[in-house]
Structure formats: structure tokens, C-alpha cells
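Here the structure comes first, spelled out in C-alpha cells, and everything after it is commentary.
The values are calculated or read from the model by the stated rules, or taken from the named source; none is laboratory data. Owing to the predicted nature of the structure, the values given are computational and were not obtained by experimental measurement. Here the Cβ positions follow ideal geometry from the backbone for every residue, glycine too, while neighbour counts run over all protein chains shown. To get the accessible areas, we keep the full protein, side chains included, count just its heavy atoms, and leave off ligands, DNA and RNA. Shrake-Rupley method; radii C 1.70, N 1.55, O 1.52, S 1.80 Å.
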Amino acid sequence: MSEEVWQTAQVKMKANAQKYELVARPKTDRVHLLSNILKCPVCGAGMYGNKSIKKRPDGTKYKDFYYYG
């Protein structure tokens, strides 16, 4: 990761911390700090954080996957 990307992520993280400082969020919430900072190696578009919930055949959830797409 380049220094520029690292610094951009730090600025975004500080902005998010101030924005949500007084709001109680569940531990299950995730902040995707690198959204639109990471770029697709094929087309160059900004990548955004996503969440996928995996479920068993009976419908109960067993795993959350967080990823950039």
C-alpha cells in the first residue's frame, strides 16, 4: 500500500470517528475505510465495501463475509 493511500485512509478514519463519535453502533457494524480509495486493477473504478451473509440449508446464518467489490 502506498503512503498516499495510507494517508487518505487515515484522514477518512478520523472523519468517520468524529462523525459517529456520539452515536452508539452495534459491534457488528463495519466501516469500510478503503471504499473508493482501493481501485480495480482491471478498470480503475473505485471499490466499495460489501457484506455477504452465508446461511445453512435450514436458513440459519453461520458466517458474515466482508469484502471490497
**Item:** Positions within segment 1-31 being part of a loop (DSSP other than H, G, I, E, B), open to solvent by 100 Å² or more (accessible area, probe 1.4 Å) and modelled with pLDDT of 60 or more, in sequence order
**Value:** M1, R30
**Prompt:** Pairs, please: C-beta under 9 Å, at least 6 apart or cross-chain, first residue under 16 Å from S2 (Cα atoms) and polar (S, T, N, Q) and in segment 31-47, second assigned to a strand (DSSP E or B) and open to solvent by 50 Å² or more (accessible area, probe 1.4 Å)?
**Reply:** S35/Y68
**Prompt:** Can you tell me how many residues in segment 34-56 are open to solvent by less than 50 Å² (accessible area, probe 1.4 Å) and of a type in the set (V, I, T)?
**Reply:** 1
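Which residues, counting only those in segment 57-69, are of a type in the set (S, T, N, Q) and either in a strand (DSSP E or B) or surrounded by 10 or more Cβ atoms within 10 Å (Cβ to Cβ) (or both)? If you could, list the steps in order and put the result at the bottom.
From segment 57-69, those of a type in the set (S, T, N, Q) are 60; that's our starting set.
Answer for segment 57-69, where residues must be of a type in the set (S, T, N, Q) and either in a strand (DSSP E or B) or surrounded by 10 or more Cβ atoms within 10 Å (Cβ to Cβ) (or both): there is none.
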